Amino acid sequence: MTGVPLELHHILDAQNRIRGVADNTPLIPSPYMTTVAGYDFLMKMETMQPVGAFKLRGAMSAVMALPDEVRGVTCCSTGNHGRGVSFAANLRGMKAVICMSELVPQAKIDGIKALGADVRIIGTSQDEAMRESQRLCATEGLVEISPFDDLHVISGQGTIGLEMLAARPDLQMLLVPLSGGGLAAGIATAAKAIKPGISVIGITMERGAAMHASIHAGEPVEVPECASLADSLGGGIGLQNRLSYPICRDLLDDTILVTEEEILHAMQVMFYEDRMVAEGASVVGQAAMLAGKLPKPRGPVGTVITGRNLDMPTFTKLMTGQDVRIGDLEMKGRLYGA
Ligand SMILES: *Cc1c(COP(=O)(O)O)cnc(C)c1O
């Protein structure tokens with residue numbers, strides 16, 4: 001249907017490559033969200049991955065598929081993909097060099113260094129970091145692992161869709177945080193292969209929604225990169241995008257945008273009602289539901305809680321109603337329930 005070479009069997013192969021390391025996170029109900037929504041609201045807890053985010057699935061899938069003679073791997077990353085690649089490379093005893101932009105929070109940089117990888121900070125956009133990563137491939141013989149535009153990476157992320165539908169075959173709608181679209185492309189491919197009638201909705205922040213803008217433009221476009229509470233959703237999709245763009249364009253039922261205020265509210269709901277710590281990028285599904293932006297589903301809805309790798313001092317301020325400044329973003333503090 002999409003004219004791209006991703007099929008269910010790729011995702012089943014990826015499931016074998018990640019087995020026992022990056023799989024089987026729990027799918028749990030949110031009693032609070034279920035009450036507010038009026039339908040079963042389930043959360044796939046990718047925060048419980050050993051690196052605190054789902055990106056380990058794609059990274060494991062890609063690194064484990066490499067031939068033995070590869071000298072090492074590199075990537076550019078807002079943080080979580082870098083962590084995943086570092087962890088997977090470390091498991092395989094391979095060198096990893098991670099390139100990132102100055103927008104990336106210090107906590108994420110420290111997390112990656114702790115996994116034994118080299119970190120290079122280049123420029124102020126994901127695109128600049130991407131060019132450095134490509135240069136390392138040419139000059140140092142490393143293999144680049146794209147955070148989203150790679151068949152093995154997308155297949156790895158797609159295993160989330162297999163697990164969600166295995167646990168709850170009655171799911172009718174999946175809410176997927178959307179940035180470069182590897183996660184949404186993989187999940188949509190898996191879910192629709194198993195259950196063609198299911199709807200899959202990509203959700204992202206208003207500030208810098210590259211995939212949403214590209215789908216509406218009919219081709220990959222660049223959008224200005226802005227600071228956001230959902231920092232893991234920042235970055236472009238690449239003007240040369242080969243895989244995640246066409247798959248998202250063809251398989252997503254819709255893309256929905258949420259504001260910074262809606263993301264903050266959802267983070268507070270997650271913390272005060274569900275009692276869990278999750279990144280802004282992780283709770284855009286709840287944000288869309290709580291803002292009344294979702295179509296009415298025919299039954300249970302599942303969302304992916306994609307990661308927990310926050311800057312903790314900032315998170316503490318956000319949860320206690322204090323004002324926060326992240327780059328050019330000024331967030332007015334708001335006390336939960338006030
Ligand atoms: C990477 C990431 C996403 C988005 O995934 P894409 O494949 O780029 O669309 C969402 N949430 C978190 C926490 C991430 O790290």
**Message:** Within segment 121-142, does at least one residue satisfy the condition of being touching a Leu at 6+ places or on another chain (Cβ under 8 Å), closer than 23 Å to Ile247 by Cβ and among the small types (Gly, Ala, Ser)?
**Reply:** no
**Complete:** Flagged in segment 43-59 as more than 9 Å from the ligand (Cβ to nearest atom) and among the small types (Gly, Ala, Ser), in numbering order, are Ala59
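Among the residues of segment 161-173, are any at pLDDT 95 or above, within 16 Å of the ligand (Cβ to nearest atom) and assigned to a helix (DSSP H, G or I)? Walk me through it before giving the result.
In the first step, residues of segment 161-173 are kept if they are at pLDDT 95 or above; the result is 161-173.
Within this subset, residues satisfying the condition of being within 16 Å of the ligand (Cβ to nearest atom) are 161, 164.
Right, trim to assigned to a helix (DSSP H, G or I) and you get 161, 164.
Yes, because at least one residue in segment 161-173 is at pLDDT 95 or above, within 16 Å of the ligand (Cβ to nearest atom) and assigned to a helix (DSSP H, G or I).
Residues are listed down the side, and each one gets a yes or a no for (1) more than 16 Å from the ligand (Cβ to nearest atom); (2) over 14 Å from Gly181 (Cβ atoms); (3) touching a Pro at 6+ places or on another chain (Cβ under 9 Å); (4) of a type in the set (A, V, I, L, M, F, W, C):
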site: Cys137; (1), (2), (3), (4): yes, yes, no, yes
site: Glu144; (1), (2), (3), (4): no, yes, no, no
site: Asp150; (1), (2), (3), (4): no, no, no, no
site: Ile154; (1), (2), (3), (4): no, no, no, yes
**Request:** Mind listing whichever residues of segment 260-289 are part of a helix (DSSP H, G or I) and touching a Pro at 6+ places or on another chain (Cβ under 9 Å)?
**Result:** Ala281, Ser282, Val283, Val284, Gly285
**Fill in**
When restricted to Val176, Val119, Val104, the only residue of a type in the set (Val, Ile, Thr), within 16 Å of the ligand (Cβ to nearest atom), not in a helix (DSSP H, G or I) and not assigned by TED's automatic domain parsing to the domain that holds Gln15 is Val104
**Request:** Taking Gly292 as the residue in question, decide whether it is at positive phi, surrounded by fewer than 21 Cβ atoms within 10 Å (Cβ to Cβ) and either of a type in the set (Phe, Trp, Tyr) or assigned to a loop (DSSP other than H, G, I, E, B) (or both).
**Result:** yes
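Table: residues versus (1) without any contact (Cβ under 8 Å) to a residue 24 or more places away in the chain; (2) within 16 Å of the ligand (Cβ to nearest atom); (3) at positive phi.
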| site | (1), (2), (3) |
| --- | --- |
| Ser244 | no, yes, no |
| Met276 | no, yes, no |
| Val283 | yes, yes, no |
| Thr316 | yes, no, no |
**Message:** Out of the residues in segment 60-101 meeting the condition of being assigned to a loop (DSSP other than H, G, I, E, B) and surrounded by 18 or more Cβ atoms within 10 Å (Cβ to Cβ), tell me which one is farthest from the ligand (Cβ to nearest atom).
**Reply:** Met94
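The values are calculated or read from the model by the stated rules, or taken from the named source; none is laboratory data. Computed from a prediction, not measured in an experiment: that's the story for all the values here. Here Cβ is always computed from backbone atoms with ideal geometry, including for glycine, and neighbour counts include all displayed protein chains.
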